[in-house]
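As structure tokens, the structure follows; a few thoughts come after it.
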Amino acid sequence: MDICQQVERIQDEMIIIRRHLHQHPELSGQEFLTSQLIGQKLTELGIEVRQWETKSGVVGLLRGEYPGPTLAIRADIDALKIQEDTDSSFASVNDGIAHSCGHDIHTTVLLGCAKVLSAMRSAIYGNVKFIFQPAEELLVGAQQMIQAAVLEDPAVKAIFALHCWPELASGTVGLKKGAFMAASDSLRITVTGQAGHAAHPHKSIDPIVIAAHIVTALQSIVSREVAPLESAVITIGKITGGTAPNVIAPSVELAGTVRTLNPALRAEMPKMIERIVNHTAQGMRGFARVDYVAGTPPVINDPFMVSLIERAASETLGSDKVIYLENASMGGEDFSFYLGKVPGVMFRLGTASEDPASHLSLHNPKLTFDEKAIPTGIKVMSAAALQYLQLNQ
């Protein structure tokens, strides 16, 4: 029985699992029942299960019939702090928690891969490590698992992952070589002035006015210091300061995010931001402190791994279902930490149907996902895994 036949045989079962996961979402670091279900399903397949130290997160190891390398496939399992607003019969029953990013589908696809590949163990050269990772939404889960040696014993040589994408039709996949998603860093700026009466601004140093100039000046970095063909985003999403309309506050705090695709540009950003912020504040008699915290690196896809996914998708879906994406996303993903250790690829799984709600953006409480995407993901992942191991035996 080939992969496509295997997937057709199990797809109804996978949809039942997906609906259960969707109805019972759990927040980052609290995916205990989700992990319990995953461990149970892997055990039933005869796959070696390693419960993670945090008890939220599971790793399954499928040992093939023949010696060879170890390939990892990763799915994130956590949900969002969002109140689902759909009329689905299997909508979330956990108040204020929802799988509005599609991680329930990611988890189901990986369980489907485990089921298909375990049935084809006699054709596997090497091992497949199924990584069910917690806490992606907090961008910390991948690092936690890496630090706990998830890429070791046996050592992982390459890694795959997918992500739901409502901008692509269900039944298709989206690929891109090189930069795929952006680095996501955080920025906090504290502007200090001198408090006073709003009616006598000349006797004070107004940090709110300084902060306003800083927000505007920061945009000149992207428009005038970053090459036009490079991609970068500096967004100040939060400003906190002041207690009353007739009082000049002593200080203001700004918080934001910085997104870049190019690692070299990412390394320069803190210096450019600090220069603009400090000089702007000093020029207006104030003081500013910049706290720049590096978050997730950019997701850089390995060209060979992308080609492998393209071949697997063309063979299982048809070449017309494989779409090369023109642009990277400026969203962040902690899958990038794995790619800092081993070569790999993340690709898009189309989830849009004729339902307008399936075209809404990720993290939208009204977003729905076409479940026909589940067999698509299983076919591509399973075929790519077999091909990788056969090529590298």
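Would you confirm, using the coordinates I've provided, whether V109 is surrounded by fewer than 18 Cβ atoms within 10 Å (Cβ to Cβ) and not in a strand (DSSP E or B)? Can you show your working first?
Numbers: surrounded by fewer than 18 Cβ atoms within 10 Å (Cβ to Cβ): no; not in a strand (DSSP E or B): yes.
No; evaluated as a whole, the condition is false for this residue.
Of all residues in region 71-106, which are surrounded by fewer than 20 Cβ atoms within 10 Å (Cβ to Cβ), of a type in the set (A, V, I, L, M, F, W, C) and within 20 Å of the chain's Cα centre (by Cα)? Walk me through how you get there before you give the answer.
So in region 71-106, the residues surrounded by fewer than 20 Cβ atoms within 10 Å (Cβ to Cβ) come out as 81-83, 85-91, 93-96.
Narrowing the set further to residues that are of a type in the set (A, V, I, L, M, F, W, C) leaves 82, 90-91, 93.
Within region 71-106, I82 is the sole residue that qualifies.
Does at least one position in region 317-325 carry a residue that is among the hydroxyl-bearing types (S, T, Y) and part of a helix (DSSP H, G or I)?
Taking region 317-325 as the starting set, the residues that turn out to be among the hydroxyl-bearing types (S, T, Y) are 319, 324.
Cutting the leftovers down to part of a helix (DSSP H, G or I) gives us 319.
Taking every residue of region 317-325 in turn, at least one turns out to be among the hydroxyl-bearing types (S, T, Y) and part of a helix (DSSP H, G or I).
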**Asked** Just one of R266, R289, R259, R285 is assigned to a loop (DSSP other than H, G, I, E, B) and in contact with a strand residue (DSSP E or B) (Cβ under 8 Å, 6 or more places away or on another chain); which is it?
**Response** R285
**Request:** Hey, can you tell me all the residues within region 140-189 that are assigned to a strand (DSSP E or B) and acidic (D, E)?
**Result:** E167, D185
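Residue-by-condition table, conditions (1) buried (at least 19 other Cβ atoms within 10 Å of the Cβ); (2) not small (G, A, S):
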residue	(1), (2)
K203	no, yes
G237	no, no
L254	yes, yes
P263	no, yes
**Message:** Filter region 316-340 down to the residues that are more than 20 Å from L138 (Cβ to Cβ) and either surrounded by fewer than 17 Cβ atoms within 10 Å (Cβ to Cβ) or touching a strand residue (DSSP E or B) at 6+ places or on another chain (Cβ under 8 Å) (or both) and list them by number.
**Reply:** L317, G318, S319, D320, K321, V322, I323, Y324, L325, E326, N327, A328
**Request:** Go through (1) more than 28 Å from F180 (Cβ to Cβ); (2) of a type outside the set (S, T, Y); (3) within 33 Å of the chain's Cα centre (by Cα) and name the single condition R266 misses.
**Result:** (1)
**Asked** Is it true that R224 is free of Cβ contacts under 8 Å to residues at least 60 places away in the same chain and over 30 Å from G196 (Cβ atoms)?
**Response** yes
**Prompt:** Within the group G64, G68, which residue is assigned by TED's automatic domain parsing to the domain that holds Q144, touching a residue at least 60 places away in the same chain (Cβ under 8 Å) and buried (at least 20 other Cβ atoms within 10 Å of the Cβ)?
**Reply:** G64
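The values are calculated or read from the model by the stated rules, or taken from the named source; none is laboratory data. What you are looking at is a predicted structure, and each value in this text was computed from that prediction instead of being measured. FYI the Cβ positions are ideal-geometry reconstructions off the backbone, even for glycines, and counts take in every protein chain you see.
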